[in-house]
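Reviewing the structure listed below.
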Amino acid sequence: MGHQLRDSVDLHRRSDSRLTDLGLDRWRDLPRAQTPPWPDPSAVDEVCDVLGQVPTIVAPYEVDQLRDRLALACEGQAFVLVGGDCAETFVDNTEHHLLANARTLLQMAVVLTYGASVPVIKVGRFAGQYTKPRSAATDALGLPSYRGDMINAIEPDPQARVADPRRMVRAYANAAAAMNMMRAYLGGGMADLHAVHTWNKDFVRISAAGERYEAIAREIDRALSFIRACGMTEDEALRTVTLYSSHEALALEYERALTRLSNSQAYGLSGHFLWIGERTRQLDGAHLDYVSRLANPIGVKIGPTTSPDDALALCAKLNPDNVPGKLTLISRMGNHKVRDVLGPVVEKVTTAGHKVVWQCDPMHGNTHESSNGYKTRHFDRVVDEVLGYFEVHRQLGSHPGGLHVELTGEDVTECLGGAQAIEDVNLPEKYETACDPRLNTQQSLELAFLVAEMLRG
Ligand SMILES: O=C[C@H](O)[C@H](O)COP(=O)(O)O
Ligand SMILES: C=C(OP(=O)(O)O)C(=O)O
């Protein structure tokens, strides 16, 4: 081994043992839900050794910047928009797909910013959303469940479904490529407000939501011409956008391998914003322990069984210093429950003085099986859950801080309803998700217009 290589390995070992000292390996001894069924732990270790030394997907200063911006959402001075695939896949990690999703997110952000005059913090479910928690260990065919491309393959074949740790390296490579490409496009004018029209794809342009969007785009053109005509200099903010990356921190081996030390703090650098799902948020469990030791802003999904005391305990564990922007509670209660369950939770957390970003995920509590056997969600229920979430916050005087949705820039037929009036019979026409049904671009835009109205109201 040459000197330089030995030095770098030594440096890595020293910083890694500092992370262990900070408790970043305690999760290994704690109860853990949704553990990937790795057949050979030593193969996992080998992969993690490799991932422990690669350049990370994001940088610590960006993570700090996002946390500071989220602090504004805590105070009602900004709104967070999180969106993207339910499950990213290696095969769909293409330029076309990433740009389509990003355009849809940007369109929604424009509608929200313009319609509600509020700064929008944009966060993609991308560059790492490669794991899925599952309700059952096996699927309808009796095969081990598909757990996301980072763990096993979706093909209904017993061999393909064996958990393979080498997939973590592929997930890392795909995440790095996605992040790299998005940074290049966003830095190169893709998100320039002078280009708002180009985000409106043909199949959306002809829809009612697309036409409403075009009207906003024309207004923005006029405002930009006005700025120019007055001789005012255009700010750089009109030409670029920061898109943060996020995913569920489910495969703790992957998260641990991409955690680094910076200014004596541990940063999970697999993405900017990491969240813990409804199925893995046990207070004394491995997942919460792990993320409680990171400097990142952290989200936790809170479902319909969440009690006010559960929420308080999450605040105490994940944000003991009560740093604004550090903790986001993402309610996903279902439209029938949100009005009853969320209020007491918000009331108790707010009364205790905890600073939290309240985000609404109107997707995961509203899933059902269609008459022809597809996992789907109805647009009306999605909208109703968002309405319920706004009602609760309006009543309590707290801030509705963000929206978290599964969406795609593709013209899919996975969720029912919306202006296209998608029905059960239409679902097979373009049902492409690897896991849960996503809003298509038209439905996403329709939702953005409705949320802009709710924000204004
Ligand atoms: O996206 C969320 C979960 O992974 C998903 O809803 C679980 O789906 P399942 O109930 O089909 O396992
Ligand atoms: C699994 C997810 O959500 P939840 O944990 O709320 O079910 C998700 O957002 O992908």
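The values are calculated or read from the model by the stated rules, or taken from the named source; none is laboratory data. Quantities reported herein were computed from a predicted structural model and do not represent experimental measurements. FYI the Cβ positions are ideal-geometry reconstructions off the backbone, even for glycines, and counts take in every protein chain you see. Heavy atoms of the whole protein, side chains included, go into the accessibility calculation; ligands, DNA and RNA do not. Shrake-Rupley method; radii C 1.70, N 1.55, O 1.52, S 1.80 Å.
Somewhere in the stretch 346-362, is a residue charged (D, E, K, R) and within 16 Å of ligand 2 (Cβ to nearest atom)?
Yes, that holds for at least one residue.
When you go through (1) in contact (Cβ under 8 Å) with a residue 24 or more places away in the chain; (2) open to solvent by 30 Å² or more (accessible area, probe 1.4 Å); (3) at negative phi one by one for Ala229, which number turns out not to apply?
Condition (1) is where Ala229 drops out.
Could you tell me which of the residues His399, His368 is buried (at least 19 other Cβ atoms within 10 Å of the Cβ) and not hydrophobic (A, V, I, L, M, F, W, C)?
The match here is His399.
Could you grab the pairs with beta carbons closer than 8 Å, sequence gap of 6+ or different chains, first residue in the stretch 53-78 and more than 25 Å from Val118 (Cβ to Cβ), second one modelled with pLDDT under 95 and open to solvent by 30 Å² or more (accessible area, probe 1.4 Å)?
Pairs found: Gln53/Ser8; Gln53/His12.
Mind telling me which of the residues Ala102, Ala127 ends up being within 22 Å of Met168 (Cα to Cα) and either of a type in the set (A, V, I, L, M) or open to solvent by 30 Å² or more (accessible area, probe 1.4 Å) (or both)?
When all the criteria are applied, what remains is Ala127.
Among the candidates Ala140, Ala136, Ala116, single out the residue that is over 27 Å from Ala178 (Cβ atoms), of a type outside the set (Phe, Trp, Tyr) and within 16 Å of ligand 2 (Cβ to nearest atom).
Ala136
Being crowded, with 22+ Cβ neighbours inside 10 Å and more than 25 Å from Lys337 (Cβ to Cβ) is the filter here; which residues of the stretch 295-319 pass it?
Asn296, Pro297
How many residues are within 25 Å of Cys435 (Cα to Cα), away from ligand 1 (no atom under 16 Å from the Cβ) and assigned to a loop (DSSP other than H, G, I, E, B) if we restrict to the stretch 345-384?
2
What number goes with the only condition from (1) crowded, with 18+ Cβ neighbours inside 10 Å; (2) in contact (Cβ under 8 Å) with a residue 40 or more places away in the chain; (3) more than 17 Å from Asp85 (Cα to Cα) that Ala419 does not pass?
Here Ala419 meets the rest and fails (1).
Among the residues of the stretch 45-84, how many are open to solvent by 10 Å² or more (accessible area, probe 1.4 Å) and either aromatic (Phe, Trp, Tyr) or not in a loop (DSSP other than H, G, I, E, B) (or both)?
Adding up the residues that qualify gives 17.
With Ser270, Ser292 as the choices, which residue is within 16 Å of ligand 2 (Cβ to nearest atom) and either surrounded by fewer than 23 Cβ atoms within 10 Å (Cβ to Cβ) or under 21 Å from Asp21 (Cα atoms) (or both)?
The match here is Ser270.
Yes or no: the stretch 385-397 includes at least one residue that is at pLDDT below 95 and either of a type in the set (Gly, Ala, Ser) or in contact with a strand residue (DSSP E or B) (Cβ under 7 Å, 6 or more places away or on another chain) (or both).
Of the stretch 385-397, the ones at pLDDT below 95 are none.
For the stretch 385-397, residues at pLDDT below 95 and either of a type in the set (Gly, Ala, Ser) or in contact with a strand residue (DSSP E or B) (Cβ under 7 Å, 6 or more places away or on another chain) (or both): absent.
List every residue pair whose Cβ atoms sit under 7 Å apart, with the two residues 6 or more apart in sequence or on different chains, where the first one lies in the stretch 358-378 and is touching a residue at least 40 places away in the same chain (Cβ under 8 Å) and the second, anywhere, is among the acidic types (Asp, Glu) and surrounded by 23 or more Cβ atoms within 10 Å (Cβ to Cβ).
Final answer for the pair search is Cys360/Glu385; Pro362/Glu385; Met363/Glu406; Gly365/Glu385; Thr376/Glu414.
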